[in-house]
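Structure, as structure tokens:
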Amino acid sequence: MTRFLPISALAGLVLLGACATATPYQAATPDSNRGYSEQQIESNRFQVQFSGNSLTDRKTVETYLLYRAAELTRLNGYDHFRVVRRETDSESRLVPVGSSAYSPFYDHFHLHYAYYGPHAAYYRNPFHRPRVGALGYYDPYWGGPSEYRERTRYVASAEILMGKGEKPADAAYFDAEQVVFNLSGNIVRPQER
């Protein structure tokens with residue numbers, strides 16, 4: 001048991017450190033669902049997507065998407081690609097911050113609050129039946145979070161159409177070789193373990 005404790009603590013620190021960094025340029029896994037993914041629609045048409053975590057900004061997510069589109073174009077033997085449709089979705093949520101963050105599963109004031117708050121016997125209505133599955137009483141003035149922080153996660157997706165030969169003069173077309181060359185300095189790959 002004593003040998004197991006340091007190993008599990010070290011594993012917990014590694015997982016905590018992995019959660020505290022922006023999503024690197026990597027293939028998405030079924031577990032994390034963060035990174036790039038693609039779906040072939042036709043022989044020269046793909047749906048490409050890059051999903052970042054809440055520490056990855058919008059510009060990085062869109063840059064990684066464009067880089068993956070160019071990389072995929074080169075891997076399939078094409079020279080340029082056209083962005084047929086492109087969009088970036090955001091998912092925002094508020095999370096409590098600080099040491100007084102509210103948790104419905106753990107009440108720091110269990111002893112005193114049970115005697116003097118809405119859980120006290122004199123405070124309850126004996127004819128009131130709580131809903132089935134309710135977590136208990138909620139008091140908006142006691143023990144709630146004092147501060148919130150907004151976390152936003154971005155998902156960029158595009159449908160691309162690949163082609164061979166010289167790139168057309170239209171702005172919707174990208175030369176895959178030039179995109180890879182110009183954006184490669186902005187790409188952060190996962191660290192080797």
Exercise. Give, in nm to one decimal, the length gained when the segment between Y148 and S32 is fully stretched (0.36 nm per residue of separation minus the Cα-Cα distance).
Key: 39.3 nm
Practice problem: Please report, in cubic angstrom per residue, the volume enclosed by the convex hull of the alpha-carbon atoms of region 19-96. | Solution: 107 Å³
Quiz prompt | Gain on full stretching of the segment that runs from A169 to D57 - 0.36 nm per residue minus C-alpha separation | solution = 37.3 nm
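Coordinate-derived values only; no laboratory data. Bear in mind the structure is a predicted one, so any value in this text is a computation, not a measurement.
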